[in-house]
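The values are calculated or read from the model by the stated rules, or taken from the named source; none is laboratory data. Note that the structure is predicted; figures quoted are calculated from it, not measured. Note that we place each Cβ from the backbone using ideal geometry, even for glycine, and neighbour counts take in every protein chain shown. Ligands, DNA and RNA are excluded from the accessible area calculation, which covers all protein heavy atoms including side chains. Shrake-Rupley method; radii C 1.70, N 1.55, O 1.52, S 1.80 Å.
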Amino acid sequence: MQKQVINQKIKNAYIIGSIELQALKKLFKNNLITEDNYKLLKEKIIKEYHILA
């Protein structure tokens, strides 16, 4: 049971991180944030949610 809960938390974190990355990419494509900010935030999201990119 414990392992299942941990796996679900990892899966949820990955989904949340992926959604945040998609939103960040849309902001960048629509010129709402600079390229420097895009790269900085992208790295922060990848580290926070342990996403392999």
Exercise. Please report the relative contact order for the chain, taking Cα pairs under 8 Å with a sequence separation of at least 6, and give it as a percent rounded to a whole number.
Key: 40 percent
Quiz item: If one takes the longest principal axis of the Cα atoms in the chain, at what angle in degrees, from 0 to 90 and to the nearest 10, does the Cα axis of helix 2-29 lie?
Solution: 10 degrees
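Taking K and R as +1 and D and E as -1, what net charge do the other residues with C-beta under 14 Å from the C-beta of I51 add up to? Walk me through the numbers before you get to the answer.
Working: positive: K11, K25, K42, K44, K47; negative: E20, E43, E48.
Residues close to I51 contribute a combined charge of +2.
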Quiz item: Where does the chain land at 222 nm, in deg cm²/dmol rounded to the nearest 500, when only DSSP H runs of n ≥ 4 count, each adding -39500 (n - 2.57), divided by all residues?
Solution: -28000 deg cm²/dmol
Quiz prompt | Accessible area in square angstrom per residue, the chain, 1.4 angstrom probe | solution = 90 Å²
Quiz prompt | the chain - percent of accessible surface contributed by carbon and sulfur, probe 1.4 Å | solution = 58 percent
Quiz item: Cα to Cα, under 19 Å, and not fewer than 8 places away if on the same chain: which aspartates and glutamates meet these conditions relative to K26?
Solution: E35, D36, E43
Quiz item: Using Cα atoms only, what is the angle between the long axis of helix 35-49 and the major principal axis of the chain, expressed in degrees (0 to 90) to the nearest 10?
Solution: 0 degrees
Practice problem: Return the lysines within reach of K29: Cα separation strictly under 24 angstrom, same-chain partners fewer than 8 residues apart disregarded; answer none if there are no such residues. | Solution: K39, K42, K44, K47
Self-check item: Overall Cα dimensions of the chain - principal axes, largest extent first, Å
Solution: 45, 16, 13
